[in-house]
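Report on the following structure.
Bear in mind that the values in this text are calculations on the coordinates, not laboratory data. Nothing here was measured: the structure is a model prediction, and the numbers come from that model. Please note: Cβ atoms are built from the backbone with ideal geometry, for glycine as well, and neighbour counts cover all protein chains shown.
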Amino acid sequence: MDYGERSTGTRDEHYNLVSVLYHALQGAENCDRYAADAELTGDEHLVEFFRDAQAMQAQLAERSKELLGTWKPRRSSAPLLVVSRQEPRFRRAWRRETSRHGQGPKYHPKATY
């Protein structure tokens, strides 16, 4: 098991493909905006360039989706989610205050001050 799978419970291949998918879609959206800006200035060469770049980003996103759909889930002993076993800070402080000298807390953790 590699580091990425140990820390996230997700295989690196899946994480990497999702990352490429996200960035390709983001890139396609940005290229659309850039092409619209180029249209406003009347620069047809830039419009064509940004539309081509947008199409390439869209193709990359589609390919990533296809690859994500072809993988079958595998059984893994890794947890799906890594959860911290520490108590939230306010709870630890509240317990520390209540255990001192048998007195109650000096503040209530849910109170708004």
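A simple packing score, the average count of other Cβ atoms within 10 Å per residue, orders the peptides 62-68, 39-45 as 62-68, 39-45, with the highest score first. Based on the Cβ-Cβ distance from D12 to E48, what FRET efficiency comes out when R0 is 25 Å, to the nearest 0.05? Once the sixth-power term is evaluated, E becomes 0.10. Under the simplified labelling scheme, the M56-D37 pair shows an inter-label distance of 1.8 nm, with each label point 7 Å from Cα along Cα→Cβ.
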